[in-house]
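Student: Could you have a look at this structure, given as structure tokens, before my questions?
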Amino acid sequence: MELHDENPFKIRSYQSALTSLERGDQDIMDLSDTELGQINGVGKSIIEAIQCLKSTETFPALDSLLEKTPTGILEILQIKGLGPKKVKTLWEELGITSTHELMEACQSGKVAQIKGFGQKTQDTIIQNLEFKASNAGKWLFADIEEIILSLESTLKDLLPNAQIALVGDFARKMEIISNAEFLVASADLEALKSSLKTLESIDWNLSISGPKTLRGKTQDQDLSLVVHLCSVTDFAWKKLSFTASKMHLVSLVDENESIGEKLSKKDFSTEEEFFSKNGLQFIPTEMREGFGEVELAKENKIPELLQDNDLKGILHNHSTYSDGKHSLRQMAEYCKSLGYEYLGISDHSRTASYAGGLDIEKVWKQQAEIDALNLELAPFKIFKGIESDILGDGSLDYPTEVLASFDFIVASVHSILNMDVTRATDRLIRAIANPYTTILGHPTGRLLLRREGYPIDHRAVIEACAANNVVIEINANPWRLDLDWRWIRYALDQGVKLSINPDAHEMEGYSDMKYGVLVGRKGGLTKEMTLNALNGKEIDAYFAQRKAKIQ
Ligand SMILES: [Zn+2]
Ligand SMILES: [Zn+2]
């Protein structure tokens, strides 16, 4: 509507209806017209649109707007930093209707010359277009998980007598997945191929397939699929080699031979046998990355990795006090019902006004409600926290007496994301050095496949956390998974604890914890080094002790 100069009042009414519908808990498709009418901002015309959506999956106003809008424009709207106003200008002044044309116009400097754009905007657009292009065909692990697992069961149903293994990046629980990869073993490869080709949900591409590989795409999602075929006797070593990363395969086991070379001897029949035969401790699949795990395995130093049920409580969560969807009570009762011993509530702090950050009055109100709920829900405990914005100069977002009232503080950057690495690192280190900071939240602010993180010197940040006894969060939201797992080992070596935090903005958000555990395991995280593996009593003592040390 903004692209087509529609009435601003109409635009605002759609926006406010959308905001309240998104906040609500129910599927709008299940609500009656009367129930819809009771929702804030939902008037007659919105109800009509929803009625129409229910029966036809679209509505006339949307159809006519889409008809007037080139599909390329819709794609351009997805690019970070380009709102409807700017997109409209590009369309009108330069006739740009595709990302391809936009890239050309940027490269020839035309975009910078438009009033209100400038060199910096043009550079950012180029950067974002490149980022988008490099991420084409890639998926978040969590978004593609169900589809890959259902492909696996489809294959198992289709080929009941074959040995089937999920291999590739998905088997190693990589945070970003670009294809589904399977290894299938059978005595009769030709029969196997013929059966696979009967799968109607797959478009096989025979021109890029080979005698022992079938490649194609799933019709519904356009997800690349690779099926490696092998004989029954080759299954064990091929499974190990297709599961490992390239770096793992070239890691040296002894002076002469790498993992890959050892594998090609084919002198073993199980994974366990392969490792033990070569004098290595068993390396869990998700660690086979070439990140020093072979060295660790030689010295028998692969630890017992963290598991889902080691986690005893959930820290870093939001409620309706700031931008969460569920109330404090709902968040607490649901957490308790899942069997956890405690919940750490950390709504946004006052500077985060866009997210309903808490002013000081609201902080006191929330803490009083927590006290009351704690009496009711004991021995379950809600810890009083805040996700304090780290301000531009690295300070936290409240005066000392307010900071001192919290059991724990997650310090996170949410604004001024364009600092260079030195300034961004200094800012974080200043926040880490603040004695009230308990946990450093999502250290780089990255959103996988959407936004690169701000540049930080990970080493320096981790060392500062070690020096100040600050825990680093592994933000378990599948978009974030930040701290990146590649830095976990360094953190552990410095004695820095990590916390698996879902950053839940609704009750269902707790289930993201499992993605934090997956990447934690990739980095070698143990129960002992995970803050929220402490039980309720232990973490209570941990917070109290930490606060007592503040001068
Ligand atoms: Zn945050
Ligand atoms: Zn948060």
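Student: List the GluC sites (Glu not before Pro) within segment 174-221 that fall in a DSSP loop (any state other than H, G, I, E or B) and whose Cβ has at most 12 other Cβ atoms within 10 Å. List each step's numbers first, then the result.
Tutor: Numbers: sites: Glu175, Glu181, Glu190, Glu200; in loops: Glu175, Glu200.
Qualifying residues, ordered by number: Glu200.
Student: Share of segment 145-297's accessible area from carbon and sulfur, percent, 1.4 Å? Write down the numbers at each step before the final one.
Tutor: Details: 3620 of 7260 Å².
That fraction is 50 percent.
Student: While we're on this one: Counting heavy atoms of the protein chains only and a 1.4 Å probe, report the per residue accessible area for the chain as a whole number of Å².
Tutor: Details: 26180 Å² over 551 residues.
Value for the chain: 48 Å² per residue.
Student: Next question, about the same structure. If the label point is 7 Å along Cα→Cβ of Asp220, which residues in segment 174-211 have backbone nitrogen under 14 Å from it?
Tutor: Label zone hits: 200-203.
Student: Same structure again: For a quick check: with amide H placed at 1.01 Å from N, whose amide H comes under 5 Å from Ala180's, ignoring anything fewer than 5 positions away on the same chain?
Tutor: Amide H neighbours of Ala180: Ser224, Leu225, Val226.
Student: Just to be sure I understand the model, the point goes 7 Å from the Cα along the line to the Cβ. What's the resulting Ser245 to Ile416 distance in nm?
Tutor: Here the modelled spin labels are 3.4 nm apart.
Student: Take every Cα pair under 8 Å in segment 367-470 that's 6+ residues apart, average their separations, divide by the length, and report that relative contact order as a whole percent.
Tutor: Numbers: 149 pairs, mean separation 25.6, N = 104.
Relative CO of segment 367-470 lands at 25 percent.
Student: Here's a follow-up. Using only helices, what value at 222 nm comes out for the chain when you add -39,500 (n - 2.57) per DSSP H run of length 4 or more and divide by the total residues, to the nearest 500 deg cm²/dmol? Spell out each step's value before the answer.
Tutor: Numbers: 25 runs with 238 residues, N = 551.
For the chain, the value works out to -12500 deg cm²/dmol.
Student: Further, regarding this structure: Would you mind checking which residues have amide H under 5 Å from Asn317's amide H? H placed 1.01 Å from N; only 5 or more apart, or other chain.
Tutor: It is Ser346, by chain and number.
Student: May I ask you to give the average projected area over all directions of the convex hull of the Cα atoms of the chain, in nm² rounded to one decimal? Before the final figure, lay out the partial values.
Tutor: Values: hull surface 122.1 nm².
The Cα convex hull of the chain, projected and averaged over all directions, gives 30.5 nm².
Student: Taking only the Cα atoms of segment 340-383, how large is their convex hull per residue, in Å³? Working shown, then result.
Tutor: Numbers: hull volume 2.7 nm³, N = 44.
Output value, Cα hull per residue: 61 Å³.
Student: Kindly work out what percent of the DSSP beta bridges joining two residues of the chain are antiparallel, to the nearest 5.
Tutor: Values: 19 of 52 bridges.
Within the chain, antiparallel bridges account for around 35 percent of the total.
Student: Residue-wise, which Karplus ³J(HN,Hα) couplings in Hz belong to segment 304-309, taking 6.51 cos²θ - 1.76 cosθ + 1.60, θ = phi - 60°, and x for glycine or proline?
Tutor: 6, 7, 4, 10, 3, 7
Student: Would you mind calculating the relative contact order of segment 413-542 from Cα pairs under 8 angstrom and at least 6 residues apart, reporting the percent as a whole number?
Tutor: 21 percent.
Student: For Asp503, list long-range residues whose amide hydrogen, built 1.01 Å from N in the peptide plane, is under 5 Å from its own amide hydrogen.
Tutor: Ala476
Student: Now a separate question. I need to check one value: relative contact order of the chain, counting alpha carbon pairs closer than 8 Å and at least 6 residues apart, in percent. All intermediate terms of the calculation are to be shown ahead of the outcome.
Tutor: Details: 918 pairs, mean separation 55.2, N = 551.
10 percent.
Student: Within the chain, what's the longest run with no trypsin sites (Lys or Arg not before Pro) in a DSSP loop and at most 10 other beta-carbon atoms within 10 Å? Give the range, please.
Tutor: Working: sites that count: Lys115, Lys549.
The longest such stretch corresponds to 116-548.
Student: Between Asn7 and Asn535, what is the FRET efficiency for a Förster distance of 45 Å, r being their Cβ-Cβ separation, to the nearest 0.05?
Tutor: Numbers: r = 58 Å, r/R0 = 1.28.
Efficiency at R0 = 45 Å is approximately 0.20.
Student: Using 0.36 nm per residue, how much length does the chain from Ser258 to Ile114 gain when fully extended, once their Cα-Cα distance is taken away?
Tutor: Stretched fully, the Ser258-Ile114 segment lengthens by 46.2 nm.
Student: Applying the Karplus parametrisation 6.51 cos²θ - 1.76 cosθ + 1.60 with θ = phi - 60° to the phi angles of segment 434-450, what ³J(HN,Hα) value in whole Hz is obtained for each residue in order, glycine and proline being reported as x?
Tutor: 5, x, 7, 6, 9, 10, 8, x, 3, x, 10, x, 5, 10, 3, 6, 10
Student: With r defined as the distance between the Cβ atoms of Lys265 and Lys298 and R0 fixed at 22 Å, what FRET efficiency is calculated, to the nearest 0.05? Display every interim value, and only then the final one.
Tutor: Values: r = 18 Å, r/R0 = 0.82.
Once the sixth-power term is evaluated, E becomes 0.75.
Student: Length gain on complete extension for the stretch Asn469 to Asp188, per 0.36 nm per residue less the alpha carbon to alpha carbon distance? Walk me through the numbers on the way to the answer.
Tutor: Working: separation 281, 0.36 × 281 = 101.16 nm, distance 5.94 nm.
The span from Asn469 to Asp188 would gain 95.2 nm if fully extended.
Student: Just subtract the alpha-carbon distance of Lys68 and Glu146 from 0.36 nm times their residue separation and send over the number in nm, one decimal.
Tutor: Values: separation 78, 0.36 × 78 = 28.08 nm, distance 3.59 nm.
Length difference between fully extended and current span is 24.5 nm.
Student: With each pseudo-label sitting 7 Å past Cα toward Cβ, what's the Glu273-Ser45 distance in nm, one decimal?
Tutor: Result: 7.3 nm between the two label points.
The values are calculated or read from the model by the stated rules, or taken from the named source; none is laboratory data. Quick caveat: nothing in here was measured; it's all calculated off a predicted structure. No Cβ is skipped: glycine too gets one built from the backbone with ideal geometry, and neighbour counts run over all protein chains shown. The protein model used for the area step is the full one, side chains on, heavy atoms only, and it has no ligands, DNA or RNA in it. Shrake-Rupley method; radii C 1.70, N 1.55, O 1.52, S 1.80 Å.
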